[in-house]
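Student: If you scroll down you'll find the structure; I have some questions about it.
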């Protein structure tokens, strides 16, 4: 593989915009378990209808923005790779919610800072700063507390799918960090389209209740918004920070599951979620201080 030079640090305003966009995506993504578990449709039917809604709405966004030709002109091998990686992650993401708890999925997902940091360090030499590593360890401690309350649950298959989803999305972050000029919307549209065929064959989506189809198309809208804000934000900030900000989903998703699905998190999960929130807040305080001192973000 040809050596790739590390990307230049983002400009202050671009960095702040990246932080805001990734935070929005985390909040929106935190509702995914609610959409998935609120319907009786099987996982592949959920993937089909969510993907159809996301593809249509994403294309509508792109056309309204007037960026279709530009994204097509920049669509190449890297964009195709991003689409395949995103599709692989989604194919694991939805079944994981069906096979294990919302809390388990989001807590395994919270290990993404370590996966993304390792990949970015290996591929482009983007070494996370000491404070980012320490706050990531704090987030990991929160994950450990929550998983402590889930030992012996017998939900290994769902947990392993969540682990694969985490690996794929960490790779997705790093792709956009290495090649920030990669189009953001078309790869997400293609990822949804790729999954329509297995969704049709394995899920039998036409047998889905009409009301549930509406819910799942709404899920597609949510997914499209979250995907667009995530990819736009990920290109502006270091991969490890993107993944760490994504940990905002960790305390929010179990909260929605408790309020809307009566899926009560354990005391261990509550304690773990609080640690993750503290880690996120501390990491952002750190970056604001770096901005004032003129130190490069994330280095």
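Listed here are the residues, each with its yes/no results for (1) part of a helix (DSSP H, G or I); (2) in contact (Cβ under 8 Å) with a residue 60 or more places away in the chain.
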site	(1), (2)
165	yes, yes
169	yes, yes
173	yes, yes
181	no, yes
191	yes, yes
197	yes, no
200	yes, yes
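Student: Taking the residues in the stretch 146-164 that are under 27 Å from residue 127 (Cα atoms) and modelled with pLDDT under 90 as candidates, determine which candidate is surrounded by the fewest Cβ atoms within 10 Å (Cβ to Cβ).
Tutor: Step by step, filter the stretch 146-164, then rank; the result is 163.
Student: Give the residue that is nearest to residue 271 (Cα to Cα), with candidates limited to residues of the stretch 119-132 that are in contact (Cβ under 8 Å) with a residue 60 or more places away in the chain and surrounded by fewer than 17 Cβ atoms within 10 Å (Cβ to Cβ).
Tutor: So the residue we want is 131.
Student: On to the next question. Please tell me if residue 192 is crowded, with 21+ Cβ neighbours inside 10 Å, more than 27 Å from residue 52 (Cα to Cα) and out of contact with any strand residue (DSSP E or B) (no Cβ under 8 Å at 6 or more places or on another chain).
Tutor: no
Student: Next up: If residue 57 satisfies every condition in (1) more than 14 Å from the chain's Cα centre (by Cα); (2) in a helix (DSSP H, G or I); (3) crowded, with 22+ Cβ neighbours inside 10 Å but one, which is the exception?
Tutor: The one condition residue 57 does not meet is (3).
Student: In the stretch 66-109, what count of residues is obtained for those that are outside any helix (DSSP H, G or I), surrounded by fewer than 18 Cβ atoms within 10 Å (Cβ to Cβ), modelled with pLDDT under 85 and in contact with a helix residue (DSSP H, G or I) (Cβ under 6 Å, 6 or more places away or on another chain)?
Tutor: Count: 0.
Student: Among the residues of the stretch 221-235, how many are closer than 13 Å to residue 173 by Cα and buried (at least 24 other Cβ atoms within 10 Å of the Cβ)?
Tutor: Here the count works out to 5.
Student: Is the stretch 221-242 home to any residue that is modelled with pLDDT of 85 or more and more than 19 Å from residue 92 (Cα to Cα)?
Tutor: No, the stretch 221-242 contains no residue that is modelled with pLDDT of 85 or more and more than 19 Å from residue 92 (Cα to Cα).
The values are calculated or read from the model by the stated rules, or taken from the named source; none is laboratory data. Note that the structure is predicted; figures quoted are calculated from it, not measured. All Cβ positions, glycine included, derive from the backbone under ideal geometry; neighbour counts span all protein chains shown.
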